[in-house]
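The values are calculated or read from the model by the stated rules, or taken from the named source; none is laboratory data. This one's a predicted model, so the numbers in the text were calculated from it and none came from an experiment. Here the Cβ is made from the backbone with ideal geometry for all residues, glycine too, and neighbour counts use every protein chain on show. Side chains are part of the model used for accessible areas, which takes the heavy atoms of the whole protein and leaves out ligands, DNA and RNA. Shrake-Rupley method; radii C 1.70, N 1.55, O 1.52, S 1.80 Å.
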Amino acid sequence: MTDDELRDICNYLIVVAREAGDVVRHAQPTSLTTTSKKNTADIVTQTDQAVEILIRSRLTERYPAFDFVGEESYKVGLEITDQPTFIVDPIDGTSNFVHGFPAVCVSIGLVIGKQPTVGVVYNPFREELWSAVGGQGAFVQQFDGGIQRLPLVVAPSEGLKSACIGVEWGSDRKGPNFDLNLKVFTMLARTTATGGAFVNSLRCTGSAAIAICRVASGQQDAFWECGCWAWDVAAAWCILSEAGGIVVDGHAGNWNPPIDNRRYLAVRPATEGQKEFVEEFWAVIGDARSTYGPAP
């Protein structure tokens, strides 16, 4: 696929994301329109479902040969192939959406050969639009203002000691996955005198896609989560990569995780020190492991 064709796709995804964002912005979710999936920390609204139907109809009409993977229509066992595939989260940050907290976005990614190739992330409440095309850079537009190239801030990585790190609790609140979160969060927050990394801050904002875009912008040093899905990260992964950041495994050791890895550590663009930052973060995890992993 040519650069011009990919740019045309990105431009159309922006149009679709803005249309979907209008639906999200004007919706008024209530307890009657919200149901639980796995538990009360894992919820879906009628708006999530309606927005995915809208996005799917727009994309399949224009690109009928492309595959489509969406959070609300996903079935266990569905695999992401080498075919061009749209990977969509109609509302990333559903809990925020229900509570009126404006860290909410529409996330539309295109992966080709299982590689993030086009990404569009749009927060309709703050009118923030991040976008990227493989090999063509990453950009952000805010409040209909000028378009800025990412990263907005770039500097050498100073390691964990001064880092602002995005994290999420996820919906598993027991067992080894919860235990791993407790270990990592505690070790990152503790003072060095008590054996911790004593990072500057931890941020839990409820949207993986937005958090990774903040990392791409240079506004956060990293984002770590085990348990999220390809639709949470596909679009933002492209944006981060094009900005000069990297995504590695959320478990120690794998520098090249697959798109459906379900364990991700995103690290900001830096003039130097990315590798050292990853290794320092992985040292906090050590041999600890979650149960999450890519589809067999």
Taking the range 173-182 and the residues there that are assigned to a helix (DSSP H, G or I) and more than 22 Å from the chain's Cα centre (by Cα), the one that is farthest from Ile285 (Cα to Cα) would be Gly175
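Here is a yes/no grid of residues against (1) open to solvent by less than 40 Å² (accessible area, probe 1.4 Å); (2) in a strand (DSSP E or B); (3) in contact with a Leu (Cβ under 8 Å, 6 or more places away or on another chain):
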| position | (1), (2), (3) |
| --- | --- |
| Trp130 | yes, yes, yes |
| Gln136 | no, no, yes |
| Phe139 | no, yes, yes |
| Asp144 | no, no, no |
| Ile165 | yes, yes, yes |
| Ser171 | yes, no, no |
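Restricting to the range 74-99, name every residue that is over 18 Å from the mean Cα position of the chain (by Cα) and modelled with pLDDT of 95 or more.
Hits for the range 74-99 are Thr81, Asp82, Gln83, Pro84.
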Is it fair to say Pro258 is open to solvent by 20 Å² or more (accessible area, probe 1.4 Å), under 19 Å from Gln115 (Cβ atoms) and at pLDDT below 95?
-> no
Any idea which of Asp3, Asp48 is open to solvent by less than 80 Å² (accessible area, probe 1.4 Å), at negative phi and in contact (Cβ under 8 Å) with a residue 12 or more places away in the chain?
-> Asp48
Mind checking which residues of the range 6-26 are surrounded by fewer than 17 Cβ atoms within 10 Å (Cβ to Cβ) and without any contact (Cβ under 8 Å) to a residue 40 or more places away in the chain?
-> Asp8, Asn11, Val15, Glu19, His26
What tally of residues in the range 180-237 results from selecting those that are more than 24 Å from Gly70 (Cα to Cα) and either out of contact with any Asp or Glu (no Cβ under 8 Å at 6 or more places or on another chain) or polar (S, T, N, Q) (or both)?
-> 29
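Take the residues in the range 153-163 that are outside any helix (DSSP H, G or I) and open to solvent by 70 Å² or more (accessible area, probe 1.4 Å), then tell me which one is nearest to Glu280 (Cα to Cα).
Filtering the range 153-163 for residues outside any helix (DSSP H, G or I) gives 153-159, 163.
Then drop every residue that is not open to solvent by 70 Å² or more (accessible area, probe 1.4 Å), which leaves 153-154, 158.
On the way: Val153: 22, Val154: 20, Glu158: 11 Å.
So the residue we want is Glu158.
Would you pick out the residues in the range 188-203 that are of a type in the set (Val, Ile, Thr) and either crowded, with 17+ Cβ neighbours inside 10 Å or under 14 Å from the mean Cα position of the chain (by Cα) (or both)? Even if it seems obvious, please write down each step before you answer.
Step one: list which residues in the range 188-203 are of a type in the set (Val, Ile, Thr), which gives 191-192, 194, 199.
Matches in the range 188-203: Val199 only.
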Extreme residue, surrounded by the most Cβ atoms within 10 Å (Cβ to Cβ), among residues of the range 204-255 that are over 20 Å from Trp282 (Cβ atoms) and without any contact (Cβ under 8 Å) to a residue 60 or more places away in the chain | Arg214
Among the strands (runs of 3 or more DSSP E) confined wholly to the range 201-296, which include 1 or more residues that are within 18 Å of Val111 (Cβ to Cβ)?
-> 246-249, 263-267
If we ask which residues in the range 271-296 are within 20 Å of the chain's Cα centre (by Cα) and open to solvent by 80 Å² or more (accessible area, probe 1.4 Å), their number turns out to be 1
